[in-house]
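The structure appears below as structure tokens.
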Amino acid sequence: MTSPPRLTRSTTPHPAGIVHVGPGAFFRAFIAPYTDEAIAAGGPKGEDWGIIAVSLKSPTARDALIPQRCLYAALERGPDGDVPRQVGAITDVLVAPENPAAVLDAMARPEIRIVTLTVTEKGYCHNPRTGSLQTDHPDIAHDIATIDTPRTALGFLVLALARRREAGIPPFTVLCCDNLPSNGAMLRQLVTEFAGQRDAAGTSDRLAEWIAGHVAFPSAMVDRITPATTAADLEEFASISGHHDAALVIHEPFRQWVIEDDFPQGRPGWHLAGAQMVANVEPHELMKLRCLNGTHSALAYLGYLAGHETIANAVATPAFTALCERLWHEEILPTVPQPEGEDLPAYCAALLARYRNPAIRHRTWQIAMDGSQKLPQRLLGTLRDNLAVGRLPKGLCLAIAGWMRYVAGTDEAGQPIILRDPMADHLKVAANSADPVTALLSIEAIFGTDLAGNADVVAAIQSAYQQLSDEGATKAVMAYIEPPA
Ligand code: CS2
């Protein structure tokens, strides 16, 4: 590793122009560094884009960052070594449950022109299959009624927008940076639905209409592999650098940010840092969600069951490499429209090299989390597009069966799997019933109704599930890549 930076700030923090919700590792490895570089490249005019980070849950990020004056190192780990960088875009960190008023005040300030979000799929409290608001979610029900103490991202956005309307301040632009399809359009729909519920309850007046007419929700595709930082990473970094960095993040060299350029109140010069500003991000999103996240989830479930702790371990085996290659070339790429400027086969070859990066220990267990929220956009849309042209994609069915085996909660050695999913209780019951495939496929919030009604799909998933149970994941993957003659 080249000599790591000291955590020093030579100038005062930049004035804030952005509030970011969800200050986890991905934000610190991606949005903050891009913004830092944009500020540096933008000269004096680019300076007022500092970021106030907001945690909706725990104080962890605040407790790590504030004692370090919001400075931290982002450590790029490539096959050829490590490159540490100091990131300085963050100006403050707020913890919403401790002081929701401070968060609303920050979001309502005129100089805040953008609110960015990385709250993970489940943070939007939507039905993963349809994208509509889960009005029976306890936090959403609470936030629809509250005047000043929201708990959810949607609650904060809508209450802050309402305040700005009342004060005659133009609305901020909302930039969703989570791995969801058409994420801007989806968030616009959720925010207006939520505001509509408040209008109906009499807590606001025609707010939904105002939001729909005045607030921009550009979509974005985000990409950088960022495993959770472990205690061992912190120790290793401290021993090399000589200082403890509680907010350290570790990421791969690659990054890609494709953003719809719709920022009525202006934006940082993210393009100066390499972000691609486009008119329509959808083809880029589909490419990434299906090629990267789709195979990531397949590797996570099948790899975990086969005993691989990390993605790099899984793709170090010929069987799991061949699994990815067959999935891409036979089942995924035929469903992906051509994004401008991308070479799809080369994109997939580069993905394999990224997965193989031995310096990135991305745990299969981490990616396996929240499958109920991830399957629809990662695997099920691709499955449906194959069915629409008369193809039965057996590899996707195997990946779905892998998820079904995984959520049953016991691995191939009989050890318990710690299942993290907002639907965990429901999934465990279904997965441990007499006919797990039928029981899981009938969960409409994940699968809709069409897949359970397709006899070919049901048979393919049943057969893959049986094979996984009888012979284990490695053999099931081998049988898919080399079907018996
Ligand atoms: C991963 C993603 O955790 C997961 O589910 O598939 O976080 C993935 O690493 C990123 O989308 C890469 O950009």
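Results, tabulated for the structure shown:
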quantity	calculated
Residue in region 340-351 that is within 14 Å of the ligand (Cβ to nearest atom) and surrounded by fewer than 18 Cβ atoms within 10 Å (Cβ to Cβ) present	yes
Sole residue being modelled with pLDDT under 95 and away from the ligand (no atom under 16 Å from the Cβ), chosen from Ala413, Ala431	Ala413
Answer residue from region 196-206, given it is touching an Asp or Glu at 6+ places or on another chain (Cβ under 8 Å) and part of a loop (DSSP other than H, G, I, E, B) and is nearest to the ligand (Cβ to nearest atom) among those	Arg206
Residues (within 23 Å of Ile18 (Cβ to Cβ) and part of a helix (DSSP H, G or I)) located in region 123-149	Gly123, Tyr124, Asp143
Selection status of Gln68, within 30 Å of Ser241 (Cα to Cα), surrounded by fewer than 21 Cβ atoms within 10 Å (Cβ to Cβ), of a type outside the set (Gly, Ala, Ser) and assigned by TED's automatic domain parsing to the domain that holds Gly266	yes
Residue in region 284-336 that is nearest to the ligand (Cβ to nearest atom), counting only those that are buried (at least 21 other Cβ atoms within 10 Å of the Cβ) and of a type in the set (Lys, Arg)	Lys288
Matching residues, region 444-461, being without any contact (Cβ under 8 Å) to a residue 40 or more places away in the chain and closer than 24 Å to Asn432 by Cβ	Thr449, Ala452, Gly453, Val458, Ala459
Options Gly196, Gly184, Gly131, Gly123: the member that is in the same structural domain as Val95 (by TED's automatic domain parsing) and closer than 30 Å to Gly46 by Cα	Gly184
Test: residue in region 229-245 that is within 16 Å of the ligand (Cβ to nearest atom), small (Gly, Ala, Ser) and closer than 22 Å to His362 by Cβ	no
Condition met for Gly274 (assigned by TED's automatic domain parsing to the domain that holds Asp36, surrounded by fewer than 22 Cβ atoms within 10 Å (Cβ to Cβ), modelled with pLDDT of 95 or more and within 16 Å of the ligand (Cβ to nearest atom))	yes
Condition broken by Gly155, with the remaining ones in (1) more than 16 Å from the ligand (Cβ to nearest atom); (2) under 30 Å from Ala73 (Cα atoms); (3) surrounded by 23 or more Cβ atoms within 10 Å (Cβ to Cβ) satisfied	(2)
Strands (runs of 3 or more DSSP E) wholly inside region 20-121 that include at least 3 residues being of a type in the set (Gly, Ala, Ser)	50-55, 72-78
Total residues in region 181-219, condition more than 30 Å from Gly381 (Cβ to Cβ) and in contact (Cβ under 8 Å) with a residue 24 or more places away in the chain	7
Pairs where the first residue, in region 26-51, is over 16 Å from Ile259 (Cβ atoms) and the second is part of a strand (DSSP E or B) and of a type in the set (Gly, Ala, Ser), C-beta under 6 Å, 6+ apart	Ala29/Ala74; Asp48/Gly17; Gly50/Ala16
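The values are calculated or read from the model by the stated rules, or taken from the named source; none is laboratory data. All of these numbers come straight from a predicted model, not from anything done at the bench. Methodologically, a virtual Cβ is constructed for each residue, glycine included, from the backbone with ideal geometry; neighbour enumeration extends over all protein chains shown.
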